[in-house]
Each structure stands twice: as structure tokens, then as C-alpha cells.
1. When Lys and Arg each count +1 and Asp and Glu each count -1, what net charge do the other residues less than 9 Å away from Thr57, Cβ to Cβ, add up to?
2. Under 10 Å from the Cβ of Gly127, count the other residues' Cβ atoms, weight Lys and Arg +1, Asp and Glu -1, and hand me the total.
3. From zero up to wherever the largest Cα-Cα distance of the range 101-222 sits, split into 10 Å bins and tell me the percent of pairs in each.
4. Glu255: accessible area at probe 1.4 Å, nearest 10 Å²?
5. What is the range 139-284 by shape, rounded, prolate or oblate, if you read a ≥ b ≥ c off the alpha carbon gyration tensor as root eigenvalues and call it rounded for a/c under 1.5, prolate for a/b larger than b/c, and oblate otherwise?
6. When the convex hull of the Cα atoms of the range 98-160 is projected onto a plane and the area is averaged over all directions, what value comes out in nm²?
7. Give me the net charge for the shell around Asp275: Cβ to Cβ below 10 angstrom, other residues only, Lys and Arg +1, Asp and Glu -1.
8. Placing +1 at every Lys and Arg Cβ and -1 at every Asp and Glu Cβ, with all other atoms neutral, what dipole size does the range 43-100 have around its Cα centre, in debye to the nearest 20?
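The values are calculated or read from the model by the stated rules, or taken from the named source; none is laboratory data. For clarity, every value in this text was computed on a predicted model and none was experimentally measured. Please note: Cβ atoms are built from the backbone with ideal geometry, for glycine as well, and neighbour counts cover all protein chains shown. Protein only, heavy atoms only, side chains kept; ligands, DNA and RNA dropped before computing areas. Shrake-Rupley method; radii C 1.70, N 1.55, O 1.52, S 1.80 Å.
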Amino acid sequence: MNSKKSYKGFIAIFISVLMLSHSVYANEWEDKEVPINFKTEILPWEIVNNTIPNKTTFTIIDIETGLSFKVQRRAGSHHVDAQPLTKDDTQIMKKIYHNQWSWKRRAIIVLINNQMIAASMNGMPHGAGSLQNGFPGHFCVHFYGSLTHRLKNEDSAHKLMILKAAGKLDEYLGTISPYELIHIFTIAINQGDRKLLSMTLSNSDHSKRFIKLAENITYFGVEDFSRQPLEDANGLIFVDVPVQVKVYKEKKGSESKIIHFMIRRESLTDRWFIDQVAIYEALK
């Protein structure tokens with residue numbers, strides 16, 4: 001068997017299966033005839049930084065679309081600054097972003113050698129670029145524990161996308177407090193991530209109405225309510241959290257108001273959900 005054709009064939013099969021079921025990327029899938037282990041790993045930045053040294057070429061697979069393109073690491077000390085390898089790779093990346101460059105984070109898998117690493121990227125060209133690829137700058141690829149260059153902190157949206165790429169979102173949401181859930185809800189709206197948004201809401205099987213409402217919100221800003229005295233929620237199954245927000249809606253402009261997040265769980269051992277009916281009424 002031609003190993004190169006076999007390798008490409010299995011990549012095509014893997015991407016097709018990814019599009020059918022996101023749960024695949026959390027599992028092991030090995031084939032002894034090809035040099036790749038289909039197991040997505042969450043690796044800390046310290047390891048990835050050595051695994052992908054500067055000028056290394058690797059493949060990015062977008063979780064939502066299954067599209068893949070090649071990039072090269074060109075710089076970055078706290079995360080990877082990458083550029084699409086060719087003009088064709090640039091066009092594939094732009095297609096992933098609906099033909100419009102965006103700062104929104106997306107869950108991706110980085111494929112290098114025989115490793116598949118959970119990661120997150122944004123889609124906005126910025127800074128310098130040196131490859132002849134039609135991409136005016138570079139873009140950022142984050143891994144677990146990587147930091148932003150300017151503020152030197154971990155980006156929450158990138159972290160969630162890394163967990164999403166690894167199939168660990170459900171597990172993570174089972175560990176967070178009601179107040180952290182509100183923060184994730186905010187990220188989901190601002191990133192336009194339907195899957196993540198549905199996972200924060202109760203009655204997710206009936207969330208189409210709310211998702212349609214959320215699509216008209218161009219920005220959802222939450223005041224830092226962590227400064228308020230927070231009641232210990234460990235022994236509760238219902239929490240009412242009033243939050244000052246600023247909401248920007250298409251054709252309606254901005255509005256500042258206090259909304260109440262009604263956050264519930266079925267029992268003390270279950271995870272928290274935002275009451276979908278209440279938040280819909282508050283934001284419509």
C-alpha cells in the first residue's frame with residue numbers, strides 16, 4: 001500500500017466522520033497501516049511550543065466544517081503566530097470564516113506528524129506576514145495554557161474552544177459555578193457559537209427560538225459582578241443572579257439594563273443550566 005495515499009485517504013475519512021459526530025475526536029482511532037494515531041490530545045503550551053518550533057508546517061482541521069488547510073508557524077512566544085502556507089490554504093481558511101475575516105475563536109485540531117492536538121484559532125489577519133499567500137499578516141493559534149501576547153493572560157474563549165475540540169466541554173460544564181456559567185453564556189453569544197450557547201441553557205432541545213434572538217445580538221457585555229458578595233451555591237439548586245448588562249442589537253442600537261439570570265439544577269449532584277424561558281423574556 002502506498003503510505004502517502006493511505007495517509008491522505010484516512011485524513012479524508014476522519015474529516016467526514018468529524019462532520020457526522022463531534023464525539024469522534026474524543027476517542028482513540030488507530031490503524032496499524034498508517035502512521036497516525038486518531039486520538040485528540042490536550043497538551044500544555046510548554047510541550048506544544050517544543051513540538052511545533054518556528055517555521056514548522058502543520059495542518060489545521062476545523063471542527064465545525066471539517067475543512068482543513070496547511071499553515072506555518074512564523075513567530076509567537078506565548079502562543080503560535082501562524083500563516084496559511086499558500087493562496088489556496090488562505091481561501092480555505094476564509095471559507096471557514098464565511099468569507100469574512102473575524103476575531104471569533106473556532107475549535108480546531110492541529111495535525112502534526114502522528115499527533116492530533118486540541119487547539120483554537122482566530123480568523124483575523126494582523127501584524128506582519130512574509131509568505132506569498134494572499135494573507136495580509138498572521139493569525140493566532142492557542143493551546144491549553146497559552147497566553148495572549150499583549151495582556152499575558154489566558155483567553156477564556158480560546159480555552160473553551162480547546163475543550164470543545166477535545167470533546168471535553170460537557171465534562172468541564174459539570175464543574176463550574178453559576179457565575180462561571182454566565183461568563184460562558186456571554187462568550188457563546190459574542191462568538192456566535194450555537195453549540196456552546198445551547199449547552200448553557202435549560203431545555204436545549206427547544207432552543208431554536210433563543211438562538212434566533214441571540215443571532216441579532218452583535219455584542220453582549222456583562223459588568224464584572226464577581227465583586228458582589230456571592231452566596232455559596234454548593235447547597236442550592238436555584239440561584240437568581242441580577243447582572244448589569246449592555247446589549248447591542250442589529251437595527252436597535254445599545255441598551256443597558258439589569259437582567260436576572262435564573263440558574264437551576266435538578267439536584268445537588270447535577271450541573272447548572274440557565275433557565276431559557278426567563279433569559280429569553282429578559283432579552284427579547
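1. Working: positive: Lys55, Lys70, Arg73; negative: none.
Result for the neighbourhood of Thr57: +3.
2. Numbers: positive: Arg74; negative: Asp81.
That works out to 0.
3. Pairs per bin, as whole percents: 12, 38, 35, 13, 2.
4. 80
5. Values: a/c = 1.35, a/b = 1.09, b/c = 1.25.
Since a/c stays below 1.5, the shape of the range 139-284 is classed as rounded.
6. Details: hull surface 21.3 nm².
About 5.3 nm², averaged over all directions.
7. Details: positive: Arg264; negative: Asp240, Glu281.
Within the 10 Å Cβ shell, the charges total -1.
8. Working: 7 positive and 6 negative charges, 48 e Å.
So the dipole magnitude of the range 43-100 works out to roughly 240 debye.
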